[in-house]
Amino acid sequence: MGKIENRKLEHLDISLNKNVQFREKTTGFEKIAFKGIDLEYKALPEMDKGEVNLETEFLGKKFKSPLMVEAITGGAKEAGKINKDIAKACEALGIGMGLGSQRAMIEKPELSETYVVRDVAPTIFLAGNIGVTELGKIPASQIAEALEKVGADALAVHINAAQAAMQPEKETDFSGRVAEIKKLVKEIKKPVYVKEVGHGINLETAKALAKTGIKAIDVAGAGGTSWTAIDSFRGNKNLGETFRDIGIPTSQSIVECRKAFNGQIIASGGIRNGLDCAKALALGADICGIALPVLKAQQSGGSKAVQKYLERITEELRIAMFLAGAKTIGQLKGKVR
Ligand SMILES: Cc1cc2nc3c(=O)[nH]c(=O)nc-3n(C[C@H](O)[C@H](O)[C@H](O)COP(=O)(O)O)c2cc1C
């Protein structure tokens, strides 16, 4: 087995079997109002809960509700089944999905099959994925080809300095990456967006990204899965102890990105229920993304369990919107206190 396939399996194994959540820092969406962002509550919403309409559009594609499953995997045999299970559930619910980094299939084309989901999910928004440190090493034409192979609608470029600093592989050269993203946007015909992997994007980074021509930012903020924790289990555990909680809380990251960036925003990193999601949308995000809980649901009961979990989130979001008196995602904007 190749090094990358092995790393993928280690990531799955560690995230499923160790505690890899932030320990002290939270998303800012916690339940107690004075500790975080609270959703407006309207005792008289002047509407029927049945009037809530969750439909939205993200990067030109229709969503039945403002949700996507974040990039998780691809590139190992087990990953193929995980992707198909998740994709089936997303298709049934009319929501989006991100594939894991496609570096493995670019380096080893025989692994491409583990990313293919269009047979079970022909209509959903599907995002391909590549790490920013691959830009310059992998030509844009090869990235475009990898997107075509899986039928992706867009490309997510992940930025992961905190994660990389923990990794034994030491792929830590992040210089000149803003210029490389800008160049890639011109070379790839599909919409490109940038995502963190769980440590958030601050105002300064969002300002720099706003000038690259990307169409969206996925904040992947602090408070959910900690990638410094995951990768420190593969290398230096002491580093993980020190840096587990590094980053910008998801709620804060949405506010900072909204300030600097006019494109669409995905709120992710520790979104764990429909109320978190409603708060993120009220703060200015366009859709929400979830990763680790979806993977855990898939492991516990395949596609059906993923669908059930995401249906719960959707129903909670519907209730939250009803209680805030918002019939549409548009009406939810600004309903925080
Ligand atoms: C097992 C696993 C693998 C992941 N692999 C990728 C990846 O290849 N590319 C990427 O951009 N993000 C990757 N992520 C990060 C997620 O897309 C997401 O941004 C992050 O986990 C925060 O969301 P959460 O708190 O809901 O888990 C991965 C997450 C998990 C749990």
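The values are calculated or read from the model by the stated rules, or taken from the named source; none is laboratory data. Bear in mind that the values here come from a model prediction, so they are computed numbers and not experimental data. Don't worry about glycine lacking a Cβ; one is built from the backbone with ideal geometry, like all the others, and counts go over all protein chains shown. We work out accessible area using only protein heavy atoms, side chains counted, and drop any ligands, DNA or RNA first. Shrake-Rupley method; radii C 1.70, N 1.55, O 1.52, S 1.80 Å.
Of the helices (runs of 4 or more DSSP H) entirely within segment 122-202, those holding at least 2 residues that are within 14 Å of the ligand (Cβ to nearest atom) and aliphatic (A, V, I, L, M) occupy 140-150, 161-166.
Counting just the residues of segment 18-52 that are surrounded by fewer than 15 Cβ atoms within 10 Å (Cβ to Cβ) and not charged (D, E, K, R), which one comes out farthest from GLY330 (Cα to Cα)? Lay out the reasoning, then the answer.
So the first thing to find is which residues in segment 18-52 are surrounded by fewer than 15 Cβ atoms within 10 Å (Cβ to Cβ), and the list is 18-19, 23-24, 31-35, 41-44, 46, 48-51.
Next cut, not charged (D, E, K, R) only: 19, 32-34, 41, 43-44, 50.
Numbers: ASN19: 36, ILE32: 25, ALA33: 23, PHE34: 26, TYR41: 17, ALA43: 20, LEU44: 19, GLY50: 17 Å.
Ranking the candidates gives ASN19 first.
Where strands (runs of 3 or more DSSP E) sit wholly within segment 54-101, those with at least 3 residues that are more than 9 Å from the ligand (Cβ to nearest atom) occupy 56-58, 61-63. Annotation: PRO66 fulfils all but one of (1) open to solvent by 30 Å² or more (accessible area, probe 1.4 Å); (2) more than 19 Å from PHE233 (Cβ to Cβ); the unmet one is (1).
Does GLY247 satisfy being in a loop (DSSP other than H, G, I, E, B) and open to solvent by 30 Å² or more (accessible area, probe 1.4 Å)? Answer is no for this residue.
Restricting the first member to segment 175-188 and to residues that are within 16 Å of ALA154 (Cα to Cα), and the second to residues that are open to solvent by 70 Å² or more (accessible area, probe 1.4 Å) and of a type in the set (Lys, Arg), the beta-carbon pairs closer than 8 Å and six or more apart or on different chains are LYS182/LYS211. Test ASN273 against the criterion of being closer than 28 Å to LYS18 by Cβ, open to solvent by 30 Å² or more (accessible area, probe 1.4 Å) and more than 16 Å from the ligand (Cβ to nearest atom), and give yes or no. Taking the combined requirement at face value, the residue does not satisfy it.
Taken over segment 203-244, the criterion of being more than 16 Å from ILE14 (Cα to Cα), within 10 Å of the ligand (Cβ to nearest atom) and touching a Phe, Trp or Tyr at 6+ places or on another chain (Cβ under 8 Å) is satisfied by ASP218, ALA222, GLY223. On inspection, GLU78 does not qualify as open to solvent by 50 Å² or more (accessible area, probe 1.4 Å) and at pLDDT 95 or above. Among residues of segment 230-248 that are of a type in the set (Lys, Arg), none has a Cβ under 6 angstrom from a residue that is modelled with pLDDT under 90 and open to solvent by 70 Å² or more (accessible area, probe 1.4 Å) at a sequence gap of 6+ or on a separate chain. Could you list, in sequence order, all residues of segment 252-266 that are part of a helix (DSSP H, G or I) and either β-branched (Val, Ile, Thr) or more than 13 Å from the ligand (Cβ to nearest atom) (or both)? Passing the criteria: GLN252, ILE254, VAL255, GLU256, CYS257, ARG258, LYS259, ALA260.
Just to be sure I understand, how many residues within segment 276-320 are aliphatic (A, V, I, L, M) and away from the ligand (no atom under 14 Å from the Cβ)? So the answer is 8. Among the residues of segment 102-121, those that are open to solvent by less than 20 Å² (accessible area, probe 1.4 Å) and part of a loop (DSSP other than H, G, I, E, B) comprise GLN102, VAL117, ALA121.
If only one of ALA162, ALA208 is under 30 Å from ALA89 (Cβ atoms) and of a type outside the set (Asp, Glu), which one is it? Steps first, please.
Details: ALA208 fails: under 30 Å from ALA89 (Cβ atoms).
Result: ALA162 is the single residue among ALA162, ALA208 that is under 30 Å from ALA89 (Cβ atoms) and of a type outside the set (Asp, Glu).
How many of the residues in segment 267-303 are in contact (Cβ under 8 Å) with a residue 24 or more places away in the chain and assigned to a helix (DSSP H, G or I)? Of the residues in that region, 18 qualify.
Filtered by the rule that a residue be of a type outside the set (Ser, Thr, Tyr), at pLDDT 95 or above and farther than 12 Å from PHE22 by Cα, segment 234-256 gives GLN252, ILE254, VAL255, GLU256.
Applying the criterion of being open to solvent by 50 Å² or more (accessible area, probe 1.4 Å) and within 16 Å of the ligand (Cβ to nearest atom) to the residues of segment 1-15, the residue that is farthest from ARG103 (Cα to Cα) is ASP13.
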